[in-house]
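FYI, it's all coordinate maths here, none of it is from the lab. Just so it is clear, the structure is predicted and the values come from calculations on it, not from any experiment. Virtual Cβ from ideal backbone geometry, glycine too; neighbours counted across all protein chains shown.
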Amino acid sequence: MYKKSSIGDLLLVLRRNIVGVIKKEGFKHDLTFTQVEVLHFIKPSGKATMKSIADCLKVTPPSATEIVEEMDKKGLVKRINDEKDRRVVYVVFTDIAKRVFTSISKHKELIFKKMTEKLNVADKNHLERIIRILITN
């Protein structure tokens, strides 16, 4: 079906498929794709500043605030002021967010495993190496 497509076209199709999987799983938890992105961004450290979330999403700080407010209403995150600088607000994971993130991650991993099951170990290693090269600035 995609034999004559360019690499760029194929990457866009792959991205669309991956985004579709993440959206579908996020919808099960009443989350938008952007909210899932915020969870992925916060997860490594457990907290993030509003400015760093805005930068990650490539949106304005007021837009990031709206996104976080919706997540706060759902009990996924809470906002905490920095003790030393009250102007700095951290967004932190809640226990609900941890459960949702785990569920989404497990499902995503199963989907990716299915997507790559036709590849042998060497091909998977090459794919990982190539993706790492492509995503490095």
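Quick grid of which residues meet (1) closer than 30 Å to D85 by Cα; (2) under 13 Å from the mean Cα position of the chain (by Cα); (3) not aromatic (F, W, Y):
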{"residue": "G8", "(1), (2), (3)": "no, no, yes"}
{"residue": "L11", "(1), (2), (3)": "no, no, yes"}
{"residue": "G20", "(1), (2), (3)": "no, yes, yes"}
{"residue": "I53", "(1), (2), (3)": "yes, yes, yes"}
{"residue": "P61", "(1), (2), (3)": "yes, no, yes"}
Residue among V59, V92, V88, V77 that is in contact with a Lys or Arg (Cβ under 8 Å, 6 or more places away or on another chain) and either within 18 Å of L14 (Cβ to Cβ) or of a type outside the set (D, E) (or both): V92
Odd one out for D72, checked against (1) surrounded by fewer than 12 Cβ atoms within 10 Å (Cβ to Cβ); (2) closer than 22 Å to K23 by Cα: (1)
Scan of the range 107-134 for residues that are closer than 17 Å to F33 by Cα, surrounded by 11 or more Cβ atoms within 10 Å (Cβ to Cβ) and free of Cβ contacts under 8 Å to residues at least 12 places away in the same chain, ordered by number: none
Filtered residue count, the range 4-23, keeping only those that are acidic (D, E) and within 19 Å of E37 (Cβ to Cβ): 0
Complete set of residues in the range 50-69 that are loosely packed, with under 15 Cβ neighbours inside 10 Å and of a type outside the set (G, A, S): K51, D55, K58, T60, P61, P62, E66, E69
Residue in the range 36-48 that is among the hydroxyl-bearing types (S, T, Y) and either surrounded by 15 or more Cβ atoms within 10 Å (Cβ to Cβ) or under 23 Å from G8 (Cα atoms) (or both) present: no
